[in-house]
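Written below as structure tokens is the structure these notes are about.
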């Protein structure tokens, strides 16, 4: 969206796009049109008074439903957290709003963000913007799917084991996991405290840099954030400059990863194209480390048990999330500390590797998006994958252990035109160099964005019309659930009423099994 777009026009464009695409992919779980319009009108009043409303004026964005946003529930896709309304917004949400951007919606996640695909019993399943019967990835799958389909300029995501980069690869977007601590997390829950990074998903590298410029920087409430680094991320993403002096490593397997053959082939083509476009010295190399999967699993499952374990007593945690919480129950303190120590050793080894290499290129994912009906791909390169946790994200989670910046940008698509991502990882604190490399790649190999036909208008459910007639703003539809791909209402969807008015769904969720609860607003 061009900078000259006014806040009101930007919000209306985003709301129209949500109404057109969210009924197809279910990327967004809550859409508050009234609040977004009120915020946009307030910005325009300030503009009329000659005030500076910030560098992102005219932008709209979505907030991942695991990130705190004042006045809204932070459910993390779980019935156990339906009433967890945030008193204050996390720093990056507040900073984006202070910079003139307007939040229009919250994006769907797997329960507690544990999975690399986006499905939960509360809000349902999020489809891929290129093929709605395929996974959007996770855990920021709703965020990636929405921004890929043109909803706003930015989607906020979080990444504890690939949760920004996995959906960026599957959905054909830009997704950056910044250096750990560059974007503060406060206020936030303690889950995956030393793994999770907040970062932007966008359609272009330039927009990613502009977003990071606003989001980055110290916060006195976050004891793990970094001091100001004095980097201009927007400039880096806009003008990559000369990269010919760089020494860059490329690896298609890090020495231990199985991946589909087409991914290996597309990646080899991308490495050659990257070398030609930048003039950099590119060598096939990796640090020679064993898989850190056991280390990551120990930390993640230990954190699951400590952070979400108490919620099991509610009886509202889904079976899949319950299993991943219980997997950490038997972990001893010594085993957890040993895993944290191993993570430190892994980070040290990667830092030594980057003394020789400025950047590393890898595929982002081992495969294209798998069917939405599955929790994971059933095989990689013709071989079954492991059954525990997400045994198909091996290019991603090492950099959650090391804290390095890593970005996913689209490369040539795989089978059926489904997107594939090129991952560019750099040294800690050198997010600007990672952005420069991504911008150079984008100039040399521009990509296509997702394009789905708008959802056909659906009749208003009788329960919705009855609620309006009774002066209510919530309707309950029995016999269906948000999980169903045929759910009759999705967040942000518009319905023409018999009295000539139009209703917009705020959210369509299933607090209880066997029913769909719809809250809605009447359009002005």
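The values are calculated or read from the model by the stated rules, or taken from the named source; none is laboratory data. Remember, predicted model here, so these are calculated numbers, not experimental data. Cβ atoms come from the backbone with ideal geometry, glycine included; neighbour counts cover every protein chain shown.
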Kindly indicate whether residue 259 is touching a residue at least 40 places away in the same chain (Cβ under 8 Å) and either assigned to a loop (DSSP other than H, G, I, E, B) or out of contact with any helix residue (DSSP H, G or I) (no Cβ under 7 Å at 6 or more places or on another chain) (or both). yes
Here are the criteria: (1) out of contact with any helix residue (DSSP H, G or I) (no Cβ under 9 Å at 6 or more places or on another chain); (2) within 16 Å of residue 101 (Cα to Cα); (3) crowded, with 24+ Cβ neighbours inside 10 Å. Tell me which single one residue 30 does not satisfy. (2)
Residue 181 passes all but one of (1) surrounded by 24 or more Cβ atoms within 10 Å (Cβ to Cβ); (2) touching a residue at least 40 places away in the same chain (Cβ under 8 Å); which number fails? (1)
Whichever residue in segment 369-384 is touching a residue at least 12 places away in the same chain (Cβ under 8 Å) and not in a loop (DSSP other than H, G, I, E, B) and, among such residues, is nearest to residue 416 (Cα to Cα): 371
So which strands (runs of 3 or more DSSP E) are wholly in segment 392-502 and hold at least 3 residues that are within 22 Å of residue 234 (Cβ to Cβ)? 406-411, 420-426
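Check 217, 191, 175, 181 and return the single one that is under 19 Å from residue 143 (Cβ atoms) and at pLDDT 95 or above. Before you say what the answer is, go through the steps one by one.
Details: 217 fails: under 19 Å from residue 143 (Cβ atoms); 191 fails: at pLDDT 95 or above; 181 fails: under 19 Å from residue 143 (Cβ atoms).
Result: 175 is the single residue among 217, 191, 175, 181 that is under 19 Å from residue 143 (Cβ atoms) and at pLDDT 95 or above.
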Residues of segment 211-262 classified as under 30 Å from residue 379 (Cα atoms) and either in the same structural domain as residue 366 (by TED's automatic domain parsing) or surrounded by 14 or more Cβ atoms within 10 Å (Cβ to Cβ) (or both), total: 11
Hey, could you check segment 457-513 for residues that are out of contact with any strand residue (DSSP E or B) (no Cβ under 7 Å at 6 or more places or on another chain) and under 17 Å from residue 75 (Cβ atoms) and say which is surrounded by the fewest Cβ atoms within 10 Å (Cβ to Cβ)? 513
Quick one: which residue in 70, 42 is within 20 Å of the chain's Cα centre (by Cα) and surrounded by fewer than 17 Cβ atoms within 10 Å (Cβ to Cβ)? 70
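One line per residue, one yes/no per condition, for (1) surrounded by fewer than 16 Cβ atoms within 10 Å (Cβ to Cβ); (2) assigned by TED's automatic domain parsing to the domain that holds residue 118; (3) farther than 18 Å from residue 196 by Cα:
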site: 290; (1), (2), (3): yes, no, yes
site: 294; (1), (2), (3): yes, no, no
site: 307; (1), (2), (3): no, no, no
site: 310; (1), (2), (3): yes, no, yes
site: 313; (1), (2), (3): yes, no, yes
Selection from segment 79-118 of residues in contact with a helix residue (DSSP H, G or I) (Cβ under 6 Å, 6 or more places away or on another chain), farther than 30 Å from residue 309 by Cβ and part of a strand (DSSP E or B) yields 102, 104
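Each row is one residue, and each column tells you yes or no for (1) touching a strand residue (DSSP E or B) at 6+ places or on another chain (Cβ under 8 Å); (2) touching a residue at least 24 places away in the same chain (Cβ under 8 Å); (3) surrounded by fewer than 18 Cβ atoms within 10 Å (Cβ to Cβ).
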position: 66; (1), (2), (3): yes, yes, no
position: 76; (1), (2), (3): no, yes, no
position: 85; (1), (2), (3): yes, no, yes
position: 95; (1), (2), (3): no, yes, no
position: 100; (1), (2), (3): no, yes, no
The listed residue being touching a helix residue (DSSP H, G or I) at 6+ places or on another chain (Cβ under 8 Å), more than 22 Å from residue 344 (Cα to Cα) and either at pLDDT 95 or above or assigned by TED's automatic domain parsing to the domain that holds residue 144 (or both), out of 418, 360, 380: 418
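Report yes if some residue within segment 333-356 is more than 13 Å from residue 112 (Cβ to Cβ), outside the structural domain of residue 111 (by TED's automatic domain parsing) and not in a helix (DSSP H, G or I); otherwise report no.
No, segment 333-356 has no match at all.
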Is one or more of the residues making up segment 438-452 within 15 Å of residue 164 (Cα to Cα) and either assigned by TED's automatic domain parsing to the domain that holds residue 133 or touching a residue at least 60 places away in the same chain (Cβ under 8 Å) (or both)? no
Pairs where the first residue, in segment 154-176, is on the phi > 0 side of the Ramachandran plot and the second is in a strand (DSSP E or B) and modelled with pLDDT under 95, C-beta under 9 Å, 6+ apart: none
Is there any pair linking a residue in segment 513-524 that is part of a loop (DSSP other than H, G, I, E, B) to one that is modelled with pLDDT of 95 or more, with Cβ under 6 Å and at least six apart or on different chains, and which? 523/502; 523/504
Hits in segment 355-380 (condition: buried (at least 20 other Cβ atoms within 10 Å of the Cβ) and more than 23 Å from residue 169 (Cα to Cα)): 357
